[in-house]
1. With viscosity set to 0.692 mPa s at 37 °C, what whole-number translational diffusion coefficient in µm²/s follows for the protein assembly as shown from Stokes-Einstein and a Kirkwood radius over Cα pairs?
2. Quickly work out the D:Gln318-to-A:Arg85 label distance, labels modelled 7 Å from Cα along the C-beta direction, and quote it in nm with one decimal.
3. Going by how many other Cβ atoms sit within 10 Å of their own, how do B:Lys124, C:Lys149, A:Lys196 line up, fewest first?
4. Looking at chain D as a GNM with Cα springs under 10 Å, which of D:Arg134, D:Arg209, D:Arg75 has the largest mean-square fluctuation?
5. Taking amide H positions as placed 1.01 Å from N in the peptide plane, with prolines and chain starts having none, which residues 5 or more places from A:Gly129, or on another chain, fall under 5 Å of its amide H?
6. With a ≥ b ≥ c taken as the square roots of the eigenvalues of the C-alpha gyration tensor of the stretch A:2-64, please select rounded if a/c is under 1.5 and otherwise prolate if a/b is larger than b/c or oblate if it is not?
7. Per residue of the stretch B:299-310, what does 6.51 cos²θ - 1.76 cosθ + 1.60 with θ = phi - 60° give for ³J(HN,Hα)? Whole Hz please, x for Gly and Pro, Karplus curve as stated.
8. Quick check on my link table: of C:Lys132/C:Lys155; A:Lys153/A:Lys200; A:Lys306/B:Lys27; A:Lys216/D:Lys216; C:Lys306/D:Lys6, which ones sit more than 22 Å apart, alpha carbon to alpha carbon?
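The numbers here are math on the coordinates, done by the rules we state, and not lab data. Bear in mind the structure is a predicted one, so any value in this text is a computation, not a measurement. Backbone-built Cβ (ideal geometry, glycine too); neighbour counts: all protein chains shown.
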There are 4 protein chains.
Amino acid sequence: MIISMKLHATRGEIDAVCERIRDFGYKVHSIEGEERVVIGVVGTGDVTTCLESLEAMPQVENAVRISAPYKFVSREFRPGKSVIRVNGTDIGGDEFVMMAGPCSVESEKQILETAYAVARLGAKFLRGGAFKPRTSPYDFQGLEEAGLKLLRKAKQETGLGVITEVMSDRDVPMVAEYADILQIGARNMQNFALLKTLGKAGKPVMLKRGLSSTIKELLMSAEYVVAHGNPNVILCERGIRTFETATRNTCDIAAVAVLNELSHLPVILDPSHATGKRSLVPPLCRAGVAIGADGLIVECHPNPEKAMSDGAQSLSLQQFANMMNELQPYIALWKQARVHEAVVA
Amino acid sequence: MIISMKLHATRGEIDAVCERIRDFGYKVHSIEGEERVVIGVVGTGDVTTCLESLEAMPQVENAVRISAPYKFVSREFRPGKSVIRVNGTDIGGDEFVMMAGPCSVESEKQILETAYAVARLGAKFLRGGAFKPRTSPYDFQGLEEAGLKLLRKAKQETGLGVITEVMSDRDVPMVAEYADILQIGARNMQNFALLKTLGKAGKPVMLKRGLSSTIKELLMSAEYVVAHGNPNVILCERGIRTFETATRNTCDIAAVAVLNELSHLPVILDPSHATGKRSLVPPLCRAGVAIGADGLIVECHPNPEKAMSDGAQSLSLQQFANMMNELQPYIALWKQARVHEAVVA
Amino acid sequence: MIISMKLHATRGEIDAVCERIRDFGYKVHSIEGEERVVIGVVGTGDVTTCLESLEAMPQVENAVRISAPYKFVSREFRPGKSVIRVNGTDIGGDEFVMMAGPCSVESEKQILETAYAVARLGAKFLRGGAFKPRTSPYDFQGLEEAGLKLLRKAKQETGLGVITEVMSDRDVPMVAEYADILQIGARNMQNFALLKTLGKAGKPVMLKRGLSSTIKELLMSAEYVVAHGNPNVILCERGIRTFETATRNTCDIAAVAVLNELSHLPVILDPSHATGKRSLVPPLCRAGVAIGADGLIVECHPNPEKAMSDGAQSLSLQQFANMMNELQPYIALWKQARVHEAVVA
Amino acid sequence: MIISMKLHATRGEIDAVCERIRDFGYKVHSIEGEERVVIGVVGTGDVTTCLESLEAMPQVENAVRISAPYKFVSREFRPGKSVIRVNGTDIGGDEFVMMAGPCSVESEKQILETAYAVARLGAKFLRGGAFKPRTSPYDFQGLEEAGLKLLRKAKQETGLGVITEVMSDRDVPMVAEYADILQIGARNMQNFALLKTLGKAGKPVMLKRGLSSTIKELLMSAEYVVAHGNPNVILCERGIRTFETATRNTCDIAAVAVLNELSHLPVILDPSHATGKRSLVPPLCRAGVAIGADGLIVECHPNPEKAMSDGAQSLSLQQFANMMNELQPYIALWKQARVHEAVVA
């Protein structure tokens, strides 16, 4: 920690701060600047409580933490990438992982038709919501367990892994029975009760970045899951909320590269929610492959115009096929780069 | 709904849209503009699904909802203010309601000392977290049920009502046993599983606006609670997340006035989280009274420098006393205006 | 400055950083933490260049400036408030200053009718744009010099001071001939060519905060004007751009209090642009007085429905009169507080 | 335009709105909804003034423009891409255009060394600031005309085109004498005096998106330049300001794809300012090529640690060489796609 004192702090006030720091078991390094005193804090202890206590003292201008507040999820903790093996597929490894499917599970016909199509086109995971977080209480809330059963059926028929959302700590055991990966939606990224429960879920978790969550907060939420016992966390950039309204959200694509620098966890890009518009999904998928995401999660539907949710951002199965075709040379470059990194490291 | 077609939409494409609209049971009013066709949709039906379906059609430029997506919480539904009576105090009525207390319940001594002080100074509710949403899994997470018991004790001794946070649908029955008002934190404003459970909680709810939630989304979340059976919802503006870092959040004070126009629900301002800085709390309290909030919720602590959380934004009990004193003439003006409104209405 | 090295920085890399710091004439205080080395930099020199140079070095995690980057505009430079006397009125002193008028100067009749009305109701300055910054090249761009002449005529008839916008360094001499205060619009807050020219304009300047400018950047832009020779700068909070669309901008009202802490310059609130909606202007004016702004700038028009710009946020003259009446007791409290501060200081 | 009336609008109020619309020369199509009346406005006229007038009327809920507010820059105006030929290079055509160079022109040695290096590696334009927009008045403001002369010398020696910033309408003639492309910085994107002057500058213009400017506003600013006589405008996405602080700005990469849909103007991506961090520039360049930008503008420097500005985001010349090498296969895919599009169209 580095503590900056206010310009006119007296000797007594500075001493009080130093004493408080020592109370927490830290050592003090005081630097007398031209204008003000800055205090370096060295040692190990309860950083947050100490920081908050110092910030509350008069004549403290500000108190800044130097060490990263997360450790398990940090690259400093594990230098290489984490590879999470799910349903026979390595996520975070040498394989570019495509996840695809409808926004909501609507019917057996819809989900099976989609599953067969995306499996044939190279996807490894089927997405589809059985519990739907909807802004309005009057909108379709999902088929719930009936939807989970349909996802299981699709898995049995196609071999695809299943990724689906869980919205409450109460539902974790049930969803974990059906799903290969538990998806946490953007609005629940800081639902700490849910995060703690996921630590014991026994299934990998994909954590979507909150609409206004910083990259650091995303990593802290991942740290919650890992610290509570579950190391298999996948991160997902899905766009953040900004002033721009031309797209549903603003895709913070650089976050993929930043997360790759800061963390060893796999990173998936969701271009469907990031843009909210079908025509923008293929170009953003190309960008996601090129920047080095470990995979993509894409919404598609046999008949987007009849979808019960998110039709405007869903590709038809034909559009998905075209896109997969177009992506192949980019994925080939991605694999070359992955192999090259592995050799260098 | 109003549907704008793209510039080069053909007659066939326009007809397909009109047919889809009629499939949903609506009537169609087509307007041929100089440049493009715009279609007015009239009737009642499943607005969201229809809207999403139309947005997914080719040659639809955009589809805009005209009617408000909420009804129970709207001023159009109930023209006057809702008054919610809790522990003998009217919230939303002719009384300006002060809620105060520490960020976290830490000990019996701390909470009782605070409760006696704020009760004496005119507060009607004691705030204090027993379940704490913390960004880091390594930070103090609250005393949980032991904290709730201390809050009950403080209520018994001082007569103050108790407002405290509930973080999971699982915990609602327990917290509802101790609290007079269930507080929903900003990060849970769109925790829909929790919102649904609150509909049956049997206690009033204070819903804090999410960090990046629009005013409309706040009202939709309130609508969830009401639609699930609980009409006693209080709204709380506590600052939103923006690019500005001089304050912890950006207090959207105009939201208080906007909410008063759009909704009949009471509106409370939280200047402590809105600013994150003790010295800014008193000026923001004055502004909150002047703009017409129904009350304030303010953090204070017997010894902010030793607080386990949010010390930097907590007033000392002496500072709280000074502020209450300073606020009196503003509250007197507030009451005049309230009475005047009642007479006019 | 405080420089944090990366976790695995070698001794050689740390030494290289220290050497670079000394090259800039600073002294080095190295602190060996548990995890990493942090370097305190003490002395005076070219802070920005040094900081940027260090940030560009490998193994530097980050480099943070401790001292404020502005000085003339800082409270640390001048502890009391600056009082700027314009056309017989003290701005920043014991008088609450109301500025009012239409968005655009449209005609002699319009500007005179407005000027007489607002003068009678206690305003001291007439606002009105002769040069209009419009998003579209096809919108009304203002009457230019003809508009300035009408403002001068209104001043001659009513005694009001004139505040009007200047949009280009080229126009500064002309506008300075007619105006008492030169207004810089939000979109020009970082038009540095213009800011430099204002240093020599010989007239006070009101600097509106940019749509996405931080408080610190607003102060830095004020510092430009002062450093180039003009100490008479008035700051104006007019709302920032956020994700919220219920209001035209988001009024960062706490910025008024923050600016009062950081700077001695007067601070004016513009509730018209902050909200974009007529009905929100009076409540926001009350909040602005209560939080301690030095004045308000409000749009009003003899016939808002016929205004050539900003009609939706303009008060009619009758509405302005009602609002002025309603504000009186708040202004009385404001004066008490000002006098009290002066006695205490 | 579509006008929504408030719920309780009377017949008389609706008629008054219709009459106002007809006063502007438009035709009225009234739609009686279940809840409220919506009025379609058809015809051609002064849209903005009419819209603003209607918004200012009582009982108008809102007024929305349907037609795009720009025309010259719209894809609807010119369906294919605009190709702008500068110094023998086609921008917006079948060539992927690399622009590179230092943030600031610092010395003859620096600019020539950079120019030779980037020319050899395939760049077609040399960037370098002679007029520098700096937040602080105390920071290096650029070499001004001396810097322009050095850029001209670099052009004479290497054949590279020159792109450099102009900050004031006053400086346009001088900068236009030396530069092949006039760059408008983010902070000047809505400096309308400057935009108007650029209409007569006789040189192509690259317009950087403002920090908090929407895509629509960027297009409106481009429309200013075109409407004032200069059709040769290049758009540049350089990151927008959000709450995220891990990167200097947030790269809105989807904006590249959105601009390609809405406009025929060429679009360049600036990954250096978008991220502010050297290590993120190569991944973002790959993403920029993959998403279909027409080119990139990248900061590089012979010795970033000694750069007078932006060292932390500047690549060394060796790093730039490595990146160019790595980009080749992506650029090859880009060319295939361009040729394919041309064949399809």
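1. D, rounded to a whole number, is 101 µm²/s.
2. It is 4.0 nm.
3. Lowest to highest Cβ neighbour count: C:Lys149, A:Lys196, B:Lys124.
4. Checking each option, the largest mean-square fluctuation is seen for D:Arg134.
5. A:Ser104, A:Val105
6. prolate
7. Once θ is set to phi - 60°, the couplings for the stretch B:299-310 become 8, 9, 7, x, 8, x, 5, 10, 5, 7, 7, 6 Hz.
8. From the list (C:Lys132/C:Lys155; A:Lys153/A:Lys200; A:Lys306/B:Lys27; A:Lys216/D:Lys216; C:Lys306/D:Lys6), the Cα-Cα distance tops 22 Å for A:Lys153/A:Lys200; A:Lys216/D:Lys216.
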